[in-house]
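The values are calculated or read from the model by the stated rules, or taken from the named source; none is laboratory data. The model shown is predicted, which means the values in this text are computed figures rather than measured ones. Note that each Cβ is placed from the backbone with ideal geometry, even for glycine, and that neighbours are counted across all protein chains shown.
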Amino acid sequence: MSGGGWSGIPWSWNIVTDVRLLWSFQFMRNAIEAGTIIGILAGIIGYFVVLRRSAFASHALGHTGFSGAAAAVLVGAQPVYGLLIFTMATASGMAVLGNRASSRDVTIGTVLAFALGLGLLFLSLYNGYAQEAYSILFGEVLGISTAQVAFTFWSSLGVLAVLALIYRPLLFASLDEDVAEAKGLPLLGLNLAFLILLAVAISFAVQIIGVLLIFGLMVTPAAIAVRLTSRSLSAVILSVLLAVTAVWAGLFAALWTNYPASFFIVGIIFVEYVCVRGVGALRETALLQAVDAPERDGVRSLRNATLTASVSQVLLVGGAAALVVTLLAFPGAVWSPAELVARALWPLLALVAAGVLGAASSLLYFSGFRKMATSSREFTAPAFLTLVGLLGIGLTAGGLGLFLSGEALASTAYGLAPVAELFGVPILFLGVVLSLVGLVGQAVGNWRVGLRYEEGALRAGAILMVLPLLGYGIACLGYQRALSREPAPAPLSVSG
Amino acid sequence: MVADLPSHPPVYQPPLGSPAGSGSSAIRAERLEVRYRNKLVWKDATFDIRPGEFVAVIGPNGAGKTTLFRMMLGLHWPTSGVLSVLGAPPRRGNYRIGYVPQRHTLDRETHLECDKLVRLAYPGKRWGPGKRWRPLQWGPRFQLGAERDAAERALEDVGAADLGSKSLGSLSGGELQRIFLAEALVGDPDMLLLDEPLSNLDLRRSRELVETIHGLVRSRGVTTLLVAHDINPMIKCLNKVIYIANGKVAVGTPNEVLTSERLSALYGVHVEVLRDSRGNIVIVGGEDERGEEGA
C-alpha cells in the first residue's frame, strides 16, 4: 500500500516541521481526517460491540463487506457503496434471523463463509484482481479522496445521532435482555438498529484498516477501555482516544517507514491490549475476595512471593547474562575473585540481589503454602518442598562463601584454602539441587492455587519458575562444552 | 402512572380496611389455562393474591412457574380464563411491576458500575405524544438528579449502598442478586416478580436475601411473588404458597397447601410432607422419588 511509489519522507526530528510537511500533502490530510472520524466512530460503536458480545458479528460484517466492495469494483463504483449495501443487508438478515444472543454465531458463521466466497468470485471476474483484493483486505488509507472524507463525515454524524437517540435502551437491553423485554423495549428493533449502525461503521473502517484487520479497530480499543474503567462514559471516551491515537500513530509511522499503516494501527492496539491484560493479571480476582480469611491471606502471600520471585528471576537472568558477556570479553584470562569483582561488579551485585530476593520469596511462599495447608491438605507438599528450597538457598550461599573464601585465602593462608574448597563445592552443589527441588514445589503449588482461584498472576509465576531450571540446565550444558572444548570435537563426517 | 407516585414510598397500611372483592386483588386468576407451544402447561388455576402479600411459587422444574410470571408481564397469553394484574389485564411494559428474571445477559466479563444498571431501569416521567412514548426508551435524560436519587434509595433498601460503584462482573452471587433486586425496585413498583433469586446461593446467603425481601414487603407494601426450589429459607415470612405441579395449581397459606393430602391430590400419587422440630419441610414422593426435590 502506501500509494504505490511512495518511499517514505525524511524524518527530521523536528516535530513541528515534520507535521507541517505531512499536512502539506492533500492525501495525507484526507487520511488523517478520515482516520480521526473513523477512530471516533469505531471507539463508540466498539463499546457496544464489547458489551453485547457482538465481536463475531462485527468480524462477519467485515467479511460480507469484502464481497460488497468486490461487487462495487466489478461494476465500476466506489468500493464504499458496495460495502455499505452488503453490510447493511447482512446486518438486517442477522437481526431478523436470530435475535437472541445465544443463537447467533452459527447463523453468522454460515453467512460469513458464503459472503467471502461471493467476494472471491466477483474479484476473479474483475481484471485487476490482486491489487484490489489487497486494498480491500488490508486497507488503503492513503488513497482516500476529499469527497470520500466528506461522505464519511456526514454519514458518521448520522450514525452518532441515531446512537445518541437509542443509547439508553440499547445499553439496558445489552445488559439485561429479559428485563428490557418485560419493560416493553423493542429488542428486535434495537438489535436491528445497532447492527445497521455497526454495518455503517465497519464499511468506513474497512477503508483504512481492511476487512481482515477490522477486529483490531472495532473491538480491541473498547475491550481495553472496559478493562480500565467500569464507568460507561469514561469507557467510551477512553475507547475513542485509544482508537484515534492508534490511527494517528499508525499513519505517521507508515509515512516515515513505508510499511503499511494497518500493521502499525493493529500493532499499537495489540501492544496496549497485552499491557492491560498483564496489569489485570496482577489484580485480585473477585473469586479470591469471596473466600475465607486464612486462605485469602495465604493466596495474598503467594501473590507477593510470586512478584518477588519474578523480580529475582529477572535479576538472575540479567546478572548471569551480563556476567557471561563480561567473561567472554576477556577470553583466556585467569580470573581471581578480586579481578572478577573489579570487572563485573554490577552483574555480581545483581546476582546477589537475585539470591536475597529469591530467599525472601521462598519465605513468603512458605508462609503462603502453610496458610493454604490449614484448609486443604494438598498444599502440605508445596510447603514442605519450599522449606527444602529455603535450606537449599542457605546451603548455596554458605557453599559459595566457603568456596570463594578458599579462593581468596589461596594466596595468604595456604593451610585453610583446600579445606574451604573441599567442603565448599559439595555444599554448593547440594544447595543448588535442593533449591531446584524447592522451585519445583513452588511451581506446582503456584499452579494449583492459580487454577483454584483463577489467579492469572500465580499461573504465570508457576511458568516463570521453570526459567531458573532451564538456566541451570543450560549452564550445565555450557560447562560440559567448556570442559570438552580443548580437544575440539571433530565434526562427524556424513557418509554420502 | 409511576410519575403519579410520591417520591418516597408510602408507609404500608395492612389491607385490613380495604373492601373485599376483586377490586382489592393484586392478582386475580379465574380458571386460568396456559399452553406453551401448543402443549398444556397447567389449567384450572383460580386464586387471589392480595396487595402486600409475600407469596412463594414452588414446583418442580418445567412445571410452569416462569410461564406464570411471563403471563403477568404480558409476554405470554393464557389460552383461556381471566387474569388480572393490579386491577387490569396484563400488558407488556407495565411499570408497576418490578421483575428479576432467572437468566441474565451479564457475566464476569461485564465491566460496568452497578448503579448504572439500576439507573438504566429507572422509568422516569412520561412526556411527549401518546401514552407509549417514554424518555426511558428514547433519547437523553433530563432528570438525572431524580434518577440518581431513586437508584441510591433502591440500593440502600436492598442493603447494597456500598456496591454502587463496583463493577458488575466483580460481584458475588448474593451481591449480584441484591443489585438485580434494586434494579427491579427503582421505579417504586407495586409488585415484585422474582424468578429463582435464591438459586446458586448458600443457605446463609439465601436467608439474608429473604430477610431483605421480606423487609421490602413490609416497608413498601409491595406484593411479592418469589419462585424458589426450597421453601424452607422463607417459610416463616410467607403469606401464601402457589404450588404448581403435574399441570395443576394449588394456592393457599403454607399450612393449607403443604400437607400430605393437598399435595397427594395435586400430584395424583401419594406424597408425604414431613416437618422437623424447627418447622422445616421435606416433601417425599411427588413426580420422582427424591425427597429433596419437591420442597
Task: Out of A:V179, A:V211, sole residue that is in the same structural domain as A:I144 (by TED's automatic domain parsing), among the β-branched types (V, I, T) and closer than 23 Å to A:M88 by Cα - done: A:V211
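Go through A:A223, A:A243 for me and flag whichever is closer than 21 Å to A:H63 by Cβ and either part of a loop (DSSP other than H, G, I, E, B) or within 14 Å of another protein chain (Cβ to nearest Cβ) (or both).
Just one listed residue meets the conditions, A:A223.
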TODO: Could you check how many residues of the stretch B:180-202 are facing chain A (nearest Cβ under 10 Å) and more than 14 Å from the chain's Cα centre (by Cα)?
DONE: 1
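Return yes when B:E261 is more than 23 Å from the chain's Cα centre (by Cα) and not in a loop (DSSP other than H, G, I, E, B) and no when it is not.
yes
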Open item on the list: Just to be sure I understand, how many residues within the stretch B:142-173 are assigned to a helix (DSSP H, G or I) and either among the small types (G, A, S) or more than 21 Å from the chain's Cα centre (by Cα) (or both)?
Closed with: 17
- [ ] State whether one or more residues within the stretch A:101-122 are at pLDDT below 85, buried (at least 18 other Cβ atoms within 10 Å of the Cβ), small (G, A, S) and over 22 Å from A:E33 (Cα atoms).
- [x] yes
Open item on the list: If I ask for residues that are without any contact (Cβ under 8 Å) to a residue 24 or more places away in the chain and either more than 10 Å from chain B (Cβ to nearest Cβ) or closer than 16 Å to A:V50 by Cα (or both), which ones from the stretch A:170-188 would you list?
Closed with: A:F172, A:A173, A:D176
TODO: Would you mind stating whether B:R204 is under 21 Å from B:L112 (Cβ atoms) and modelled with pLDDT under 90?
DONE: no
- [ ] Any residue in the stretch B:185-206 that's without any contact (Cβ under 8 Å) to a residue 60 or more places away in the chain: show its pairings with residues that are surrounded by 18 or more Cβ atoms within 10 Å (Cβ to Cβ) and part of a loop (DSSP other than H, G, I, E, B) at Cβ separation under 9 Å, as long as the two are six or more apart or on different chains.
- [x] B:L198/B:D230; B:L203/B:D230; B:R205/B:L198; B:S206/B:P197; B:S206/B:L198; B:S206/B:D230
Task: Failed item, numbered, when A:A164 is tested on (1) under 21 Å from the mean Cα position of the chain (by Cα); (2) within 14 Å of chain B (Cβ to nearest Cβ) - done: (1)
Task: Test: B:V55 is in a strand (DSSP E or B), in contact with an Asp or Glu (Cβ under 9 Å, 6 or more places away or on another chain) and β-branched (V, I, T) - done: no
Open item on the list: Suppose the filter is buried (at least 21 other Cβ atoms within 10 Å of the Cβ), within 25 Å of A:A91 (Cβ to Cβ), aliphatic (A, V, I, L, M) and in contact (Cβ under 8 Å) with a residue 40 or more places away in the chain; does A:V244 pass it?
Closed with: no
TODO: List every residue pair whose Cβ atoms lie under 8 Å apart, where the two residues are 6 or more positions apart in sequence or sit on different chains, the first residue falls within the stretch A:447-470 and is free of Cβ contacts under 8 Å to residues at least 40 places away in the same chain, and the second residue, located anywhere, is part of a helix (DSSP H, G or I) and aromatic (F, W, Y).
DONE: A:R459/A:W447; A:A462/A:W447
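Yes/no matrix, rows are residues, columns are (1) among the β-branched types (V, I, T); (2) modelled with pLDDT under 85:
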{"position": "B:K43", "(1), (2)": "no, no"}
{"position": "B:D48", "(1), (2)": "no, no"}
{"position": "B:Q102", "(1), (2)": "no, no"}
{"position": "B:D115", "(1), (2)": "no, no"}
{"position": "B:V118", "(1), (2)": "yes, no"}
{"position": "B:Q137", "(1), (2)": "no, yes"}
TODO: Please report, ordered by residue number, the helices (runs of 4 or more DSSP H) entirely within the stretch A:283-352 with at least 1 residues that are closer than 30 Å to B:T110 by Cβ and at pLDDT below 75.
DONE: A:286-290, A:293-329
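Starting from residues that are of a type in the set (D, E) and more than 7 Å from chain A (Cβ to nearest Cβ), keep the ones in the stretch B:70-114 and report whichever is surrounded by the most Cβ atoms within 10 Å (Cβ to Cβ).
At the first step, the residues of the stretch B:70-114 found to be of a type in the set (D, E) are B:107, B:109, B:113.
So of that shortlist, the ones also more than 7 Å from chain A (Cβ to nearest Cβ) come out as B:107, B:109.
Details: B:D107: 9, B:E109: 13.
Result: B:E109.
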Task: Condition check for A:V159: facing chain B (nearest Cβ under 7 Å) and assigned to a helix (DSSP H, G or I) - done: no
- [ ] Could you tell me whether A:A223 is touching a residue at least 60 places away in the same chain (Cβ under 8 Å) and assigned by TED's automatic domain parsing to the domain that holds A:F27?
- [x] yes
Open item on the list: Checking the structure you have, find out if any residue of the stretch A:193-206 is modelled with pLDDT of 90 or more, part of a helix (DSSP H, G or I), out of contact with any Lys or Arg (no Cβ under 8 Å at 6 or more places or on another chain) and at the interface with chain B (Cβ under 9 Å from one of its Cβ atoms).
Closed with: no
Open item on the list: Under 9 Å between Cβ atoms, which residue pairs at least 6 apart in sequence (or on different chains) link something in the stretch B:52-71 that is free of Cβ contacts under 8 Å to residues at least 40 places away in the same chain with a partner that is not hydrophobic (A, V, I, L, M, F, W, C)?
Closed with: B:N61/B:H229; B:N61/B:E293; B:T67/B:Y36; B:T67/B:H76; B:R70/B:H76; B:M71/B:P78; B:M71/B:P90
Task: Test: A:V49 is within 31 Å of the chain's Cα centre (by Cα) and either assigned to a helix (DSSP H, G or I) or crowded, with 24+ Cβ neighbours inside 10 Å (or both) - done: yes
